[in-house]
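Report on one structure; see the data block that follows.
The values are calculated or read from the model by the stated rules, or taken from the named source; none is laboratory data. Just so it is clear, the model here is predicted, and its values are computed rather than measured. Cβ sites come from the backbone with ideal geometry, for glycine too, and all protein chains shown count toward neighbours. The area values use the complete protein model at the heavy-atom level, side chains included, leaving out ligands, DNA and RNA. Shrake-Rupley method; radii C 1.70, N 1.55, O 1.52, S 1.80 Å.
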Amino acid sequence: MRRLPHLALASTLTLTLAACGAGGGNIGDDAESADLTIWFMEDSVPETAQEWLVDEFETSYEGSTLTVQMQPWAGVVELLQTSLPDSSQTPDLVEIGNTQASTFTSVGAFSPVDDLLEELGGDSLIESGLEAGTWEGTTYAPPLYAGSRIIFYRQDLLDAAGIDVPTTLDELNEAAIELNEANPEDTDGFSGIYLASSDPKTLEGWLFTYGGDYATQHDDGTWEGTLSSPESQEGLQAAQDLMERGSEYVSDPNEAVPVAYELFNSGKIGFYSGLALKEYDIDEELWESGDAQVMALPGTDADTPGTTFAGGSNVAISAASAHQELSREVLRLIYSDDFQTMLAADAGWVPGNLDHASALEGHSAEAFQEAVAHSQLTPNTPSWGVADSAQLPLEIWTRIADGEDVEDIAADVDAQLEEILND
């Protein structure tokens, strides 16, 4: 796996396309040429894949052009809300964050692509990403790529404390607590595991793995908060116990989370959660000696990985695009072997089609793939953005870290979620 090349904001890549050929679709030689635009997000799709997409389209459709425009993440929802309904302003295709997709799938802003799913990857498409791009049984935005947090651990510290590598989540909790108590090298500021309440996306792994969730939707469309369910309670209780007895950094602010690898490198933490690219922040000497190791978050049994949140993107065709058939051809190219492989090999993402995840490189490749394949998202509704903006997930985990009663927290937040999600 390689670092993602830097992509300048609002830069454009415009190439004139020529000739005709086999794009994999049903566009005939007499198809009308057109000028298409696709929006990708900053630091998302590598330049190699962008260039390949344009070049491949160039050799397939005579007289057409494709412009790749990079957009900043900040403000993209508002930008799309303005541009998508207007056929003179809309991009033909657009990348959208997976948790943002329902804002647009729910109002018909994207074109349905159910009839293309088998061509794009079928059962090999990332399940959580596919769910994010589906609304009321119709798929509009298949998964482009995803990333989930994995667990890095210090084998040397476990060995020094006589602790086996955990194979289940219960064993991970026990190992982190035991390691925290042992502090085998008598290190100042030592912690068995790094768990900060300001990092909900890591902590959701405990909620989801034990079978819990924030909320669930009933057949009549109403939402019910489910933090009070037995499964959610088990996950929240386990996380609280681990934060109390296994971590000394539960109060770390959000700014400290991205640099927690420094604590890992210095031997101050035994277990550390992060995206796969964090492996490049870990000292190479630790990898070479075998002291640094990595695994997917364990599940409730040793045969299945845990369930973690998957961040990432989906890709869709604007319903207002005047070039629906050519846009479908571009979508087919995005899910081709070459493009999907470049997302993995050149950008380090788990590609939307998991069949091409074998192109991932690095120490974390296998664990990263496992984590994404077993991932899930937060509730698939535009209203989740309201709950997120109200910082409800952060409130939950902060209160849990502060030692409040988990049942009381759940009842309180369930009521808030139901009010927001059913508004």
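Principal semi-axes of the equivalent ellipsoid, √(5λ) from the alpha carbon gyration tensor of the chain, are 40, 25, 17 Å from largest down.
Computed over the Cα atoms of the stretch 192-236, pair by distinct pair, the Kirkwood hydrodynamic radius stands at 11.4 angstrom. Farthest toward the positive end of the dipole of the chain, out of Leu66, Gln340, Ala367, is the Cα of Leu66, where the dipole comes from beta carbon charges about the Cα centre.
Would the stretch 262-405 count as rounded, prolate or oblate if I go by the C-alpha gyration tensor, calling it rounded below 1.5 in a/c and otherwise prolate when a/b exceeds b/c, oblate otherwise? The shape class here is oblate.
Among the GluC sites (Glu not before Pro) in the stretch 325-376, those placed in a DSSP loop whose Cβ has at most 15 other Cβ atoms within 10 Å are Glu361.
Using the Cα coordinates of the stretch 327-384, the gyration tensor eigenvalues translate into equivalent-ellipsoid semi-axes of 21, 20, 8 Å, sorted from longest to shortest.
Over the stretch 266-342, what percent of the accessible surface lies on carbon and sulfur atoms, probe 1.4 Å? Whole-percent figure for carbon plus sulfur exposure: 46. With 5 Å bins beginning at zero, the pair-distance distribution over Cα atoms of the stretch 113-262 amounts to 2, 8, 14, 16, 15, 14, 11, 9, 6, 4, 2, 0, 0 %. An ellipsoid equivalent to the stretch 189-298, defined through the eigenvalues of its Cα gyration tensor, has semi-axes of 31, 15, 12 Å when rounded to whole angstrom and sorted largest first.
Overall, the chain carries a charge dipole of about 880 debye about its Cα centre when +1 sits on the Cβ of Lys and Arg and -1 on the Cβ of Asp and Glu, all other atoms neutral.
R0 = 35 Å: FRET efficiency of Glu51 with Val259, Cβ-based, nearest 0.05? Rounded to the nearest 0.05, the efficiency is 0.55.
Would you work out which of Trp397, Leu84, Phe104 lies farthest towards the positive end of the dipole of the chain, given +1 charges on the beta-carbon of Lys and Arg and -1 on that of Asp and Glu, about the Cα centre? Comparing the listed Cα positions along the dipole, Leu84 ranks first. Summary of packing: across the peptides 261-271, 42-52, the per-residue average of other C-beta atoms within 10 Å ranks them, highest first, as 261-271, 42-52. Charge tally around Leu84: other residues with Cβ under 12 Å, Lys/Arg +1 each, Asp/Glu -1 each, net -3.
For the chain, the relative contact order works out to 25 percent when only alpha carbon pairs closer than 8 Å and six or more residues apart are counted. For the chain, the per residue solvent-accessible surface stands at 40 Å², with DNA, RNA and ligands left out and a 1.4 Å probe. What a 1.4 Å probe finds exposed on the stretch 101-216 is 40% carbon and sulfur by accessible area, rounded to a whole percent.
Please say if the stretch 36-86 is rounded, prolate or oblate, where rounded means a/c under 1.5 for a ≥ b ≥ c the square roots of the C-alpha gyration tensor eigenvalues, and otherwise the choice is prolate for a/b larger than b/c and oblate otherwise? Oblate, since a/c reaches 1.5 and b/c is not below a/b. The angle between the Cα long axis of helix 392-401 and the longest principal axis of the Cα atoms of the chain comes to about 20 degrees, rounded to the nearest 10. Taking 7 Å steps out from each Cα toward its Cβ at Glu325 and Asp423 produces label points 4.5 nm apart. Convex hull volume of the C-alpha atoms in the stretch 358-410, normalised per residue: 151 Å³.
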